[in-house]
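Structure, as structure tokens:
The values are calculated or read from the model by the stated rules, or taken from the named source; none is laboratory data. Only a predicted model underlies this, so the values are computations on that prediction, with no experimental measurement involved. No Cβ is skipped: glycine too gets one built from the backbone with ideal geometry, and neighbour counts run over all protein chains shown.
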Amino acid sequence: MKRFLLTFSSVLLTIIGYSQQYCDPQALCGGDEDQVEFVALNGKTIYPNFNCSFVDDQTQDTLTMNINGGLITANNSAFINVVIHGYIDWNDDKAFTEDENVPFAGNINTGFSAQVVPPAGQPEGPVRLRVQAIDPVFLALDGPNGCSDNCFHTVDFTINVTSEEVSSEPSEYCAASGYTHPDPDSCMVTETGNAVRNIWVSEFAADNGFSNTSSCGLNNGYSDYTNGIAFAVTPGATVTGQGIIGRASGNNTQFLTAWVDWNRDFVFDDATERIEGVKTDALIEFNFDFAAPTNAVEGPTRLRLRAWDPTLIGYAGEACGSSSEGEVEDYTIYIGTPKVACPIPGTPADQTANLCKDDVTLTWEVNVDGPNPTGYLLSIGTNNPPSDILSDFSLTDTSYDFTAENLNPNTTYYWSVKAFDATDTSSDCSIQSFTTADFPVVEIQNASSSVDTVTICQEEKVVLDAVVNNALGSENFAWTGSNLSSSNTSTTTFTGSSAGIFTLYVSVDNASNCSNTDSVVVVVKEKPTAGETSGNIEICSNEALSLQVFDFSAGVNFQWQRKSGSTWFDISRATSDIYEDSNPLSGVSYRVIVSNEFCSDTTAEVSIEVYDLSVAPNISSNTGSFSFCSGDSITLTSDITNNVAWSTGSTDVEIVVKAAGEYTVSYTDANGCPADTATVDVIENATPSKPVITGDLAFCDGAFTTLSVNDQGFNVAWMDDEANNSSSYTVAEAGSVFVKLFNDLGCEAISDTLDITVNANPAKPTISTSLPGTSFCEGVSVELITDADSLIWNNDANVNTSSIMVDQAGSYYVTALNDAGCSTNSDTLDLSFTELPAQPSIGTLSGNEALCDGDSLVLITDATGDAVWSTGADFDGNNLTIFDGGKYTITVVDAMGCEATSDTLEIIKNDLPEKPLVISQAGDLLTNARGLIQWFRTDGTPVVGETKQVFEDAPDGSYYVEVTDEITGCKNRSDIATGIFGYKRNTAVEAVLYPNPVNAGTKVFVEIEVKIDQLRLLSPSGVAIPVVLEEDSSFATDRLAPGLYLIEAKTKDGANIHLGKLTIIR
């Protein structure tokens, strides 16, 4: 398979190079009508696209010619003054010469043709055919010249010259194309003047349910939908179809034409196989009757549709060839009943040789000459017909893979595949074959031995050889993996630059392009890191040798070695990372070997030097002794002046000591070795700490202060006088003071000297009062005032204002203060407070606390002695009569002038109700009073039962009405109504009013025995209101206010009749 693909690539590269070496003349671009329309040879016709630039390359479409020759036909599109001229490059020298001219003859009406015979000895294989559309004038001017720029259109083809029999019958359908739309997404016209081109087959359907929709033209205005059967039609039967043209322009002159190859001869016959679509009223829809002739040849065949416009000059909608307008679509239909067809074999090609057995995949394609199958039956074997490996093995994929174990080398295999569906299985399907090649057997060796695994230490190398045990010609080696010295030779070297497991591969291709692979695992063990040796390699004789290795790898073993002469010896039991020797020798070298399970590393060599010790120095002091008082110091001096080290850390010759203890000095010689150490004991004698005097350092005039000190167990001397040896000391005068503490060893400490201050007292303050005297009534507050600036009252620090208010008896004084804290008291002021008289009470004689307008109330009290009413009236032991509402009190005053006032009595004065009015109407008395009503005779006698606003049928006499406020009880009465005479109802006439009471706006009906001439209502104020009595004996109330009305009627004979009362409500 690999070699097969490589061969194909080589051919492709050859073709590309072959095409690029020919001259590329530029066309004159005379227009579409000047192009080479078609070229045909032995049944195959090629319709090239017009390329208005350089050579139109059609070499990918091959024509076939027998070695004995053939007839080539061609024509241009339509232009009468253009002829066809051509060349065949028989010798493949990439140039067209006069002896390679193709002698085309004819004209545009009959077409052009040329009988061509290859030169004698012409080898089989592809040659280049160049066909040109050219004006005869230019042809005469330039002569035979395949590279002339004066051609209208130049097209190159490939002719395959073969010795095999070549049929002149066509074996494939002619090409056809239309307009390639520049914007297939929107299908809008973008080229000026090309509206006629903007039509395409947007939908094609058949009555069997098939339907296909598409956009405007792609691929040179051609769409191939032949992969599958659109519909089937039996000979003599008809299938109807419909096609729809898509268009973006406004004309309606389009045609949709179909061709069906009924005799399956790969030719569309305009006379018998052309079907014009019948345009419907929709203008873009076309109906078809696909009527199969009775002699139609059964099997798959081609249906072609072309959308075109006859307004294109000289174009009649042809089945073949290209057009600058419209679109062409091809479909597959089936004449008769479709049967499952044999699949089309794919790879490997039949009779493929030297196919590597581990690289075989069988593929095939669905054959569109039949319906889509549901599965396939695959047979494979070394026998023919095949069966001994697989026999009718069912699968649904269109491929089958082999592994290296399935096939043998140098063996011919046969295979065949059939398709099936639920009703049928294809038969007589072709048998393909391929022959396998052997593959190389390779193994990886090290030191002439085959290896699967090699173990080395880090930074080591290993040489690997790829050995082919069955040489089959030249081999190519390919090593893969890291750290290899070479990747394409049989031998390579691996370097273990880092620890790990590495898998290396080598692949070998033989002359048959078959390959095989072997691998080896290289285990690179980590090389330990010995690290470095640390320790003091120059030591003194009193020191032990201690060496240690650091920065070494984890999990390693150690072995220390000592060098003697030039030979290294292992040191017994020295197997850790530390080596120690308490008695080392000078001039000896050491090293350590660090190792793991496989690998080791060694540290660098170190050499040891051992030095002897020096004598100790002497110590002296600046006082001649080695003691001092605490807080003081002494100086210690060494008699050796360089490389000394005191126990204090100092390296000076002298040190100052301020603490007791043992002090040493040592000496280090030039080799760094110490001498013996000198030692002295220093004694510190106790010294008191600096004493601190406590106590007040200032006091007020006439006082004193006592000072104290902590003696710390030492002797005391105040003012350096050992007679003043107490821990306390009294001072009564201003001046300075200090104290000293000491012992018998002469160690002492003196305090700071302090100044004693005597402060002056403030002036004596005075007290004055806001009221005269010192005796007051209870409840009175008296303000006490002082002239002191800073003060407190009665020794209360919280009371410190220049004046205070007091209401309690007692003794009061004030203390004046100054900033020094000194004070002076005032004289004492004694105050007394007398008890108030008893509080009097107040009330009313009647017990009422309210009166009506015009009435009076009598106030009473239990007060005695001197008293006064809040009205200003003096109390004379009698009650007080009042006529107005308000707030009233009484105040009692005793002999001391102390007062006591009663609680306030509030009297409410209520208004009288509104004075009522009385009117007389028809013998009744009416009032406007609201509240509790009572009618009275003028003598004050109440009329029993008359407590309403209307006093009906009042007897003769004089009356008044009294109204009482239901809340306050206050009364008011009307004036006296005099001369009341009774109004008698005419009882001889019966009258009925309904409804009564009545809502305002509702009609009132009157039923009466006599004829009424006039009707009127009397309002509560006595106003007569005439009303109109309707024919139905009713009158309206919509203009009457709510209230009580009297009704009077006047008969036909002039009599006045009182009919009663009417109440109108809202």
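Do any strands (runs of 3 or more DSSP E) entirely within segment 500-540 hold 1 or more residues that are in contact with a helix residue (DSSP H, G or I) (Cβ under 9 Å, 6 or more places away or on another chain) and within 19 Å of T480 (Cα to Cα), and if so, which?
Those strands (runs of 3 or more DSSP E) span 500-509, 515-525.
Which condition from (1) touching an Asp or Glu at 6+ places or on another chain (Cβ under 6 Å); (2) of a type outside the set (A, V, I, L, M); (3) surrounded by 13 or more Cβ atoms within 10 Å (Cβ to Cβ); (4) modelled with pLDDT under 90 is the one that Q432 breaks?
(4)
Filtering segment 14-48 down to residues that are among the polar types (S, T, N, Q) and at pLDDT below 80, which residue is nearest to F152 (Cα to Cα)?
Residue satisfying both the conditions and the ranking: Q35.
Is it the case that segment 326-338 has a residue that's out of contact with any Asp or Glu (no Cβ under 9 Å at 6 or more places or on another chain) and surrounded by fewer than 21 Cβ atoms within 10 Å (Cβ to Cβ)?
Scanning segment 326-338, I find no residue that is out of contact with any Asp or Glu (no Cβ under 9 Å at 6 or more places or on another chain) and surrounded by fewer than 21 Cβ atoms within 10 Å (Cβ to Cβ), so the answer is no.
Go through segment 381-431 and report how many residues are more than 13 Å from P345 (Cβ to Cβ) and either in a strand (DSSP E or B) or aromatic (F, W, Y) (or both).
The number of residues fulfilling the criteria is 13.
Kindly establish whether N483 is on the phi > 0 side of the Ramachandran plot and modelled with pLDDT of 90 or more.
Criteria met by N483.
In segment 890-930, what residues are at pLDDT below 85, assigned to a loop (DSSP other than H, G, I, E, B) and either closer than 30 Å to G1060 by Cα or not assigned by TED's automatic domain parsing to the domain that holds D853 (or both)?
L917, A922, G923, N928, A929, R930
Of all residues being part of a loop (DSSP other than H, G, I, E, B) and touching a helix residue (DSSP H, G or I) at 6+ places or on another chain (Cβ under 8 Å) in segment 348-365, which is modelled with the lowest pLDDT? Just the residue, please.
Step by step, filter segment 348-365, then rank; the result is D359.
Is it fair to say S736 is within 30 Å of D807 (Cβ to Cβ) and exposed (fewer than 12 other Cβ atoms within 10 Å of the Cβ)?
Here the answer is no, as S736 does not meet what is asked.
Can you tell which of S490, S448 is in contact with a strand residue (DSSP E or B) (Cβ under 9 Å, 6 or more places away or on another chain), under 15 Å from Y505 (Cβ atoms) and in the same structural domain as V506 (by TED's automatic domain parsing)?
The conditions single out S490.
Condition test on F552, is it surrounded by 14 or more Cβ atoms within 10 Å (Cβ to Cβ) and part of a loop (DSSP other than H, G, I, E, B)?
Yes; evaluated as a whole, the condition is true for this residue.
Could you pull out every one of the strands (runs of 3 or more DSSP E) wholly within segment 659-734 that has 1 or more residues that are within 30 Å of V610 (Cβ to Cβ), in the same structural domain as F626 (by TED's automatic domain parsing) and in contact (Cβ under 8 Å) with a residue 12 or more places away in the chain?
661-667, 678-685
In segment 372-396, what count of residues is obtained for those that are free of Cβ contacts under 8 Å to residues at least 24 places away in the same chain, closer than 14 Å to F420 by Cβ and not β-branched (V, I, T)?
Going through segment 372-396 one residue at a time, the tally reaches 3.
Which residues, counting only those in segment 1036-1058, are over 10 Å from Q1014 (Cα atoms) and polar (S, T, N, Q)?
The answer is T1037, and nothing else.
Tell me, please, whether a residue that is farther than 26 Å from C514 by Cβ, part of a strand (DSSP E or B), in contact (Cβ under 8 Å) with a residue 24 or more places away in the chain and in contact with a Cys (Cβ under 6 Å, 6 or more places away or on another chain) can be found in segment 461-474.
no
Of these, E325, E318, which one is modelled with pLDDT of 85 or more and part of a loop (DSSP other than H, G, I, E, B)?
The match here is E318.
Go through segment 992-1009 and count every residue that is surrounded by 12 or more Cβ atoms within 10 Å (Cβ to Cβ) and among the aromatic types (F, W, Y).
1
Residues in segment 480-498: is at least one among the aliphatic types (A, V, I, L, M) and touching an Asp or Glu at 6+ places or on another chain (Cβ under 9 Å)?
No, the conditions are met nowhere in segment 480-498.
For segment 49-67, which residues satisfy the criterion of being at pLDDT below 85 and not in a strand (DSSP E or B)?
N49, F50, N51, C52, S53, F54, V55
Is there a residue being buried (at least 16 other Cβ atoms within 10 Å of the Cβ) and at pLDDT 90 or above anywhere in segment 407-414?
Checked segment 407-414: at least one residue is buried (at least 16 other Cβ atoms within 10 Å of the Cβ) and at pLDDT 90 or above.
Table: residues versus (1) free of Cβ contacts under 8 Å to residues at least 60 places away in the same chain; (2) in a strand (DSSP E or B); (3) aliphatic (A, V, I, L, M).
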residue	(1), (2), (3)
E597	no, no, no
L613	no, no, yes
P617	no, no, no
S620	yes, yes, no
T623	yes, no, no
T641	yes, no, no
T648	yes, no, no
I655	yes, yes, yes
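Do we have any residue at all in segment 849-862 that's crowded, with 17+ Cβ neighbours inside 10 Å, outside any loop (DSSP other than H, G, I, E, B) and hydroxyl-bearing (S, T, Y)?
Among the residues of segment 849-862, at least one is crowded, with 17+ Cβ neighbours inside 10 Å, outside any loop (DSSP other than H, G, I, E, B) and hydroxyl-bearing (S, T, Y), which makes the answer yes.
If I ask for residues that are of a type outside the set (K, R) and in a strand (DSSP E or B), which ones from segment 863-889 would you list?
Those that are of a type outside the set (K, R) and in a strand (DSSP E or B): D866, A867, V868, W869, D874, L880, T881, I882, G886, Y888.
Filter segment 741-768 down to the residues that are free of Cβ contacts under 8 Å to residues at least 40 places away in the same chain and over 30 Å from T705 (Cα atoms), then identify the one that is surrounded by the most Cβ atoms within 10 Å (Cβ to Cβ).
Of everything passing the filter in segment 741-768, S768 is surrounded by the most Cβ atoms within 10 Å (Cβ to Cβ).
Just to verify a result, which residue in segment 231-250, among those that are in a strand (DSSP E or B) and modelled with pLDDT of 90 or more, is surrounded by the fewest Cβ atoms within 10 Å (Cβ to Cβ)?
T238
I need a count of the residues in segment 825-864 that are in contact with a Gly (Cβ under 8 Å, 6 or more places away or on another chain) and among the charged types (D, E, K, R).
So the answer is 1.
So which strands (runs of 3 or more DSSP E) stay within segment 68-116 end to end and still have 3 or more residues that are surrounded by 20 or more Cβ atoms within 10 Å (Cβ to Cβ)?
Ranges flagged: 70-76, 83-89.
Do we have I1047 as in contact with a Gly (Cβ under 7 Å, 6 or more places away or on another chain), under 25 Å from Q949 (Cα atoms) and in contact (Cβ under 8 Å) with a residue 24 or more places away in the chain here?
yes
Of the residues L771, L836, which single one is touching a strand residue (DSSP E or B) at 6+ places or on another chain (Cβ under 8 Å), assigned to a loop (DSSP other than H, G, I, E, B) and without any contact (Cβ under 8 Å) to a residue 40 or more places away in the chain?
L771
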